[in-house]
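This report concerns only the one structure given below.
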Amino acid sequence: MEKKNPEDSFQVKIDAEEKIEPKDWMPDEYRRNLIRQISQHAHSEVIGMQPEGNWITRAPSLRAKAVLLAKIQDEGGHGLYLYSACETLGISRDELIEQLHSGKAKYSSIFNYPTLTWADIGAVGWLVDGAAIVNQVSLQRTSYGPYSRAMIRICKEESFHQRQGYEIMANMAKGTLEQKQMAQDALNRWWWPSLMMFGPHDTESAHSAKSMKWKIKRESNDELRQRFIDKTVQQAEVIGLSIPDPDLQWNEQRKHYDFGKINWEEFTNVLNGNGPCNKQRMANHIQAHQNGAWVREAAMAYAEKQKNKKVPA
Amino acid sequence: MTVNEALFNYSLRLGDNSLILSHRLSEWTGKAPILEEDLAITNIALDKLGQARFLLQYAAQLEGKGRSEDDLAYKRSEREFYNSLLVEQPNGDFAFTMARQLLNDVFDFFLYEELTKSTNEPLASLAAKSLKEIKYHLRHCSEWIIRLGDGTEESHNRIQNSMNELWAYTGELFEMNEIDSILIKENMVPDLSKLKPKWNNMLCEIFEKATLKKPEEGFMHTGSRKGVHSEYLGFILAEMQYLPRAYPSATW
Ligand SMILES: [Fe+2]
Ligand SMILES: [Fe+2]
């Protein structure tokens, strides 16, 4: 009988849209690629709790406070689903957190921008979650089973996030002059970083080709970015805010919006640690982790004692 | 003081307690020892906020002056808040937060259990709903108290010291004034002095499991029934109320 090379049968499975499960054979590079992407995604959910968490104690109404708390709690939950999905690839959460702290693992650069006013909480929900949704909807069809299922769960919760942000923006845009200025200012500051969330242009993207072949990624950075722009421009019009891009224009031939040049120098700078909040976000995470060490030790010591008690004499 | 006025004040007392504790707990977001605990604390903060909203809405309705829950939360000043001194204490470390939570939750558990029998329908129905939440909070934090108490030497010392330090704020929980007298007569609220033995017993059971010593009785702080607080409350309110105060004509 003819023996098939495992890499070939793996690709056959991928091409047939079958999901890869933890126990299945997979190329080492596929595994590494997934760990990189899923852990980056998990860390982003968790680090993303910081810029929004900033405003819980200052939320301007009890309702807004409750919605924001629930939203941030969701993001933490997303982090948990994704850490679990990542652990199925044979790496522990401790190792993942260590990689985050050492800088080996990344998180989305968008969270290195500061939330300066309450309108930023609107902008983050509307634009950052809005961009995340476009990406995550696409990833529901990713080839790795546990990642795909985590995405399906997450997408169910995400649309509420975008709505809460948009509602904040809409309320402020129709509010007092000061509120409207805050809303426009937040849009001005968050628009371009949101577009950068989709990553470099397809021609420049380091991980894209392999990821597409293995169907880890299903659509290219540029396709996803265009989809986000097309849906968001109209939403801005509805609430009377203007997108800070003089080159933005509907292209009847392409049936898409054309848009201006993205400042990739800024992107690279933030990626390399020079964003407004890189140091602060990491320092906070490391400090919380270190402050919790004695609690985790105590929980382990207690569990150990309980186990010993149960052993019959 | 009329029954209505007494009820208004009582609702503020309970509502402020939930609101300020929720505020303190929400300061933990993103800072807990593990991610699962981050979610649990946020969950408790959300429950407490829900209770606060119900109570402040009810208070506003009783007052009948057209104020809203947000007016009561955001437009009252330090001397008009009636939460206990206990819940406004800063978070400290994880042990301190859990100790504060336990002392409050055991009290809330017995208080809300009695309130389910209130002749006042809104309070009774709030209590029935909240009691389920409080039972969960109580279980969650007593499990932590036991783990920390019977964990390592360090965790034992931290939780014992926190409990000792916070004990001086527990006397106030049981203080009663004219408001209580009026509402007790109407069978709307319980006599707090009758809750004290139960509160004591439950705590002693938890302390025993946690290998903790019950703190010694001593001086007890007081003031919140008269709206006299620690310095901490002013900072909480400054942060919480800043937007509605800075932009009084705005709605959000
Ligand atoms: Fe999320
Ligand atoms: Fe989200």
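Most fluctuating residue of A:LYS217, A:LYS180, A:LYS104 in a GNM of chain A with Cα springs under 10 Å: which is it?
Looking only at A:LYS217, A:LYS180, A:LYS104, the largest GNM fluctuation is found for A:LYS104.
About the Cα centre of region B:3-246, what is the dipole size in debye to 20, counting +1 per Lys and Arg Cβ and -1 per Asp and Glu Cβ, all else neutral?
380 debye
Given A:LYS19/A:LYS261; A:LYS65/A:LYS180; A:LYS106/A:LYS174; A:LYS104/A:LYS307, which pairs have Cα atoms separated by over 28 Å?
On the way: A:LYS19/A:LYS261 37 Å; A:LYS65/A:LYS180 20 Å; A:LYS106/A:LYS174 38 Å; A:LYS104/A:LYS307 36 Å.
Distance filter (> 28 Å) returns A:LYS19/A:LYS261; A:LYS106/A:LYS174; A:LYS104/A:LYS307.
In terms of the ratio Rg/(2.2 N^0.38 Å) built on C-alpha atoms, what value belongs to region B:1-108?
Working: Rg = 14.8 Å, N = 108, 2.2 N^0.38 = 13.0 Å.
It is 1.13.
Taking GluC sites (Glu not before Pro) as exposed when DSSP calls them loop (any state but H, G, I, E, B) and at most 13 other Cβ atoms lie within 10 Å, what is the longest stretch of chain A free of them, the sites themselves excluded?
A:19-251
Output ³J(HN,Hα) for region A:251-256: one whole-Hz value per residue in order, computed from phi by the Karplus curve 6.51 cos²θ - 1.76 cosθ + 1.60 with θ = phi - 60°, and x for Gly and Pro.
Karplus values, whole Hz, x for Gly and Pro: 10, 5, 5, 7, 6, 9.
Starting from a Cα-only point model with no solvent, please compute log10 I(q)/I(0) by Debye for the protein assembly as shown at q = 0.05, 0.09, 0.10, 0.12 1/Å.
-0.25, -0.78, -0.93, -1.20
What do you get for chymotrypsin sites (Phe, Trp or Tyr not before Pro) in region A:1-87 restricted to DSSP loop and a cutoff of at most 13 other Cβ within 10 Å of the site's Cβ?
Details: sites: A:PHE10, A:TRP25, A:TYR30, A:TRP55, A:TYR81, A:TYR83; in loops: A:TRP25, A:TRP55.
Sites meeting the loop and neighbour criteria: A:TRP25.
What distance in nm separates the simple spin-label points at B:SER68 and A:ARG141, each placed 7 Å from Cα in the Cβ direction?
4.4 nm
Which order do B:PHE8, B:PHE107 fall in if you start with the one that has the fewest other Cβ atoms within 10 Å?
Result, fewest neighbours first: B:PHE8, B:PHE107.
Residues of B:39-47, mean number of Cβ from any other protein chain within 10 Å of their own Cβ, rounded to a whole number?
Details: counts 8, 2, 1, 10, 3, 0, 5, 5, 0.
Mean shielding by partner chains, rounded to a whole number: 4.
Step through the residues of region B:220-232 one at a time and calculate ³J(HN,Hα) from phi using the Karplus curve (6.51 cos²θ - 1.76 cosθ + 1.60, θ = phi - 60°), rounding each to whole Hz and writing x for Gly and Pro.
Running phi through 6.51 cos²θ - 1.76 cosθ + 1.60 with θ = phi - 60° gives 10, 6, 8, x, 5, 4, 9, x, 9, 10, 6, 4, 4 Hz.
How high is the FRET efficiency from A:TRP264 to A:ARG63, r the C-beta distance, R0 25 Å, rounded to 0.05? Walk me through the intermediate numbers first.
Numbers: r = 40 Å, r/R0 = 1.59.
For R0 = 25 Å, the calculated efficiency reads 0.05.
How do B:LYS194, A:LYS210 rank when sorted from fewest to most other Cβ atoms within 10 Å of their own Cβ?
By the 10 Å Cβ count, ascending: B:LYS194, A:LYS210.
For A:ASP185 and A:ASP94, calculate 0.36 nm times their separation in residues minus their Cα-Cα distance, and state this gained length in nm to one decimal.
That works out to 28.8 nm of additional length.
Between A:GLY48, A:GLY175, A:GLY79, which gets the highest mean-square fluctuation from a Gaussian network model of chain A, Cα cutoff 10 Å?
A:GLY175
Across peptide A:69-78, what mean number of C-beta atoms from other chains lies inside 10 Å of a residue's C-beta?
Mean shielding count: 5.
Over all alpha-carbon pairs in region B:3-246, figure out the percentage whose distance exceeds 27 Å.
Counting pairs separated by more than 27 Å, the tail of P(r) holds 32 percent.
Report the residue, chosen from A:ALA303, A:ALA42, A:ALA186, that carries the largest GNM mean-square fluctuation when chain A is represented by alpha-carbon nodes joined by springs under 10 Å.
Looking only at A:ALA303, A:ALA42, A:ALA186, the largest GNM fluctuation is found for A:ALA303.
List the residues, sorted by chain then number, that are 5 or more residues from A:HIS256 or on another chain and whose placed amide H is less than 5 Å from its amide H.
Hits under the 5 Å cutoff: A:ASN251.
What nm value, rounded to one decimal, do you get for the distance between A:GLU252 and A:GLU29 when each label is placed 7 Å out toward the C-beta?
4.6 nm
Under 5 Å between amide H atoms, partner at least 5 residues away or on a different chain: which partners does B:ASN91 have, H built in plane at 1.01 Å?
Under 5 Å from the amide H of B:ASN91 lies no amide H from a residue far enough along the sequence or on another chain.
Extension gain B:MET220-B:PHE235, at 0.36 nm per residue separation less the Cα-Cα distance, in nm? All intermediate terms of the calculation are to be shown ahead of the outcome.
Working: separation 15, 0.36 × 15 = 5.40 nm, distance 2.30 nm.
Full extension of this stretch gives 3.1 nm more.
Just so you know, all these numbers are worked out from the coordinates, no wet-lab data involved. Just so we're clear, the structure is a prediction, and the values are computed from it rather than from any experiment. Note that each Cβ is placed from the backbone with ideal geometry, even for glycine, and that neighbours are counted across all protein chains shown.
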